[in-house]
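Bear in mind that the values in this text are calculations on the coordinates, not laboratory data. Note that this is a predicted model, so its numbers are computed, not measured. Reconstructed Cβ throughout: ideal geometry from the backbone, glycine too, with neighbour counts over all protein chains shown.
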Amino acid sequence: MKNRSLFAKMVCLLFVLVTLSMISYTLVIQKTQREFLRRQAKSVCRQIVLTRQWIASLGGVWSKDVYSGPHGFLTTHQNASDTDQASKFYLHNPALATREISSLADLKYGYNFRVVSDLFREPKNEPDAFEDEVLNRIKNQNLEYADGFEGGLYRYAEPLYVKEGCLKCHGDLNKDVKEPMKSILLEKYGTRSFGYQVGDVRGIISIQIPKDSLLKILTSVFTWWNFIIAAVSVFLFYFFTRLVIAKPLVRLTEAATQLSRGEIGMDLGVESIEEDTKNEIAHLTLAFERLRKSFQIMHDKINRIKEKGVTLPKLR
Ligand code: HEC
């Protein structure tokens, strides 16, 4: 590197600068992607919490004659007066409805969510490693949310607080939970997940959104215009360093070589340089011109002495 030309060094510098700005641009994109995913997860969360709250305030929602196969139902009710065409009703509690909506979202939009708890009633609601760690952090540090990346997924979680409507199924067994729900829950899940109070963290709502690869984002963000602008910048840089720095320096080097050989009549083009110029190379040229002029004066003096017939001592 030490022996490389100034021009080559400038090109290397340009390369380093371009690489650094690419890295910084990539970091900005990564941060923007995370922020974008966080906002998306937050709004999904709000929507789900609202839906669950609405379902809880009704004590669960009943569907007539139909229920979604894989998710089942909490309990059934047969309408006794409906003799001709016996209708059966199925109860969907908030956690069940969450699973039903989540499987629809997964099918339609590729993201999914679920509610999990450290004190889970239903084995399907057992937290995985990420959720377990996040649940502890949310509880201990009182966090509003926690998020992270796992494989190709963005994962986000928010605490689920117990509201008045939740007590019907998660409150005190002797005070809040009433028949017939009490017997249904006890028979199906035992005494797990009771005894909560309003404001307690019941669990978390956990969301998973597939994340696009960085390459996919970069290829969608960059267009041909970016490459054209980059190429134009490199050319401008090339011409600038060639014309403004390299060329005048080469001319000065040639002039210095000529001067060292005793050729002192060269024209450095100083007439075109303005006196108050801020250009460092122009200053160097002016200094060089002064040096050349003093050489010329000395040269003329020596010639005049020689004409008078004086022999000068030889230089060693
Ligand atoms: C109608 C009864 C009912 C109501 C009301 C209800 N839940 Fe549940 N909840 C259940 C049942 C039953 C389960 C477990 C079975 C399942 O996942 O469907 C459950 C599961 C959960 C779970 C998952 C962990 C576990 O125990 O399996 C969380 C978290 C939860 N409920 C929070 C809430 C919150 C918060 C509210 C109030 C907004 C609420 N629930 C209202 C019946 C109810």
Point to revise | Which of 232, 299, 288, positive extreme of dipole for the range 207-299 (C-beta unit charges) | key: 232
Point to revise | Reach of residue 182 by Cα under 14 Å, taken over aspartates and glutamates that are not fewer than 8 positions away in the same chain | key: 172
Practice item. Counting helices only, and only those DSSP H runs with n ≥ 4, report the 222 nm mean residue ellipticity of the chain as the sum of -39,500 (n - 2.57) divided by its residues, in deg cm²/dmol to the nearest 500. Key: -17000 deg cm²/dmol
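Between residue 245 and residue 3, what FRET efficiency comes out of the Förster formula 1/(1 + (r/R0)^6) with R0 = 25 Å and r the beta carbon distance, rounded to 0.05? Please report the intermediate quantities before stating the final value.
Values: r = 18 Å, r/R0 = 0.72.
About 0.90, to the nearest 0.05.
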Check your understanding: When the Cα centres of the range 32-78 and the range 124-160 are compared, how far apart do they sit, in Å?
Key -> 19 Å
Point to revise | Spatially near lysine pairs across the range 223-307, Cα under 30 Å, sequence gap of 8 or more or different chains | key: 5
Check your understanding: Which of the DSSP-defined H helices in the chain satisfy a minimum axial length of 30 Å, computed from C-alpha atoms, and a minimum mean Kyte-Doolittle hydropathy of 1.0?
Key -> none
Point to revise | All lysines inside 30 Å of residue 42 as judged from Cα atoms, apart from same-chain residues fewer than 8 positions distant | key: 31, 108, 124, 139, 163, 168, 211, 216
Review point. Residue 259 label point, 7 Å along Cα→Cβ, cut-off 12 Å on backbone N: hits in the range 278-293?
Key: 284-293
Practice item. May I ask you to sort 22, 10 by Cβ crowding, counting other Cβ atoms within 10 Å and putting the fewest first? Key: 22, 10
Check your understanding: Normalised by the number of residues in the chain, what is the relative contact order in percent for Cα pairs under 8 Å and 6+ residues apart?
Key -> 14 percent
Point to revise | the range 1-139 - Rg (one decimal) and Dmax (whole number), Cα, Å | key: 26.9, 101
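With the convex hull built on the Cα atoms of the chain, state its orientation-averaged projected area in nm².
Details: hull surface 125.1 nm².
Over all viewing directions, the chain projects a mean Cα-hull area of 31.3 nm².
How long are the semi-axes of the ellipsoid equivalent to the range 108-201, from square roots of 5 times the Cα gyration tensor eigenvalues, in whole Å, largest first? All intermediate terms of the calculation are to be shown ahead of the outcome.
Details: eigenvalues 158, 48, 26 Å².
After diagonalising the Cα gyration tensor, the semi-axes are 28, 16, 11 Å.
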Exercise for review: Counting residues in the range 223-307 as N, plug N into 2.2 N^0.38 Å and put the Cα Rg over that result.
Suggested key: 1.62
